[in-house]
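Data block below; observations after.
The values are calculated or read from the model by the stated rules, or taken from the named source; none is laboratory data. None of these values were measured; they are calculated from a predicted model. We work out accessible area using only protein heavy atoms, side chains counted, and drop any ligands, DNA or RNA first. Shrake-Rupley method; radii C 1.70, N 1.55, O 1.52, S 1.80 Å.
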Amino acid sequence: MSNNRDSTTLQPTDTAPAGGELPGAASATPQAAREIELKLYVAPGNLARLVRHPALVGLQHGTTASQRLHTVYYDTPDLALAAYGVALRVRRQGAQRIQAVKTMNSGTPGDAAAVAVRREWEWQVPSDDPDISLLTLDGVREVVPQDALPAIRPMFLTDFQRTTLMLRPDPLTAIEVALDTGEIRAGVAHRPISEIELELKAGSITALFELAHDLQRIVPLRIATESKAEAGFALVTGALPRPSKAPPWA
């Protein structure tokens, strides 16, 4: 893996803080978080090796966390949201239900060299059903087709165990590592999940590739170019939906 990548540098305040507050339905102007992520496929038997490997443990800041995440993705029967380049989901995190709208890879300016740069909005909601009114708020309505809202329904789900740890390769760099194992289900169709997500919290994008290169020396890895949402839509349709060009953002 080459390290001649985008040298963009984030400060810790450029992304939503880990475990930060989630705006509720009363939030009039939701702010989109900027997510910069590199995803890697790995054989299921190698995930446990990585969690315990000195290459990660030696860089770890804080404790390792593990939780089961059950997420339902919603769209219209004709996949209007996916065609617009966005995914709508509701995720169970312990006793909480978190609704999110996230732009998908191919619809987001800034994606390059397998690194996904996305916008994401999150709210805490009272149930597993999405609160459609949140999709009409300023900022969100510009990326969600409003005429599709009445037809939204469940399309597929993901169910996986996530182990997360924060790495600090140097004082200016913070990378959250998530190791996921489970599956995606759409009716009787299913697909395994066995992957690593490297999310840049602070520092240069180059650091993601440097870490990926170090992990590649431990176990075989393969760069993933699709999100869980895109993989789920592939199960539903047999082919990835083709999103339109997303609107520009600052």
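Could you sort His70, His213, His61 by their accessible area in this structure, using a 1.4 Å probe and putting the largest first? Mind showing how you got there, number by number?
Working: His70 35, His213 60, His61 115 Å².
The ordering from most to least exposed comes out as His61, His213, His70.
How large is ³J(HN,Hα), in whole Hz, for each residue of region 233-238 in order, when computed from phi with the Karplus curve 6.51 cos²θ - 1.76 cosθ + 1.60 and θ = phi - 60°, using x for Gly and Pro?
Rounded to whole hertz, the list is 5, 5, 5, 5, 9, x.
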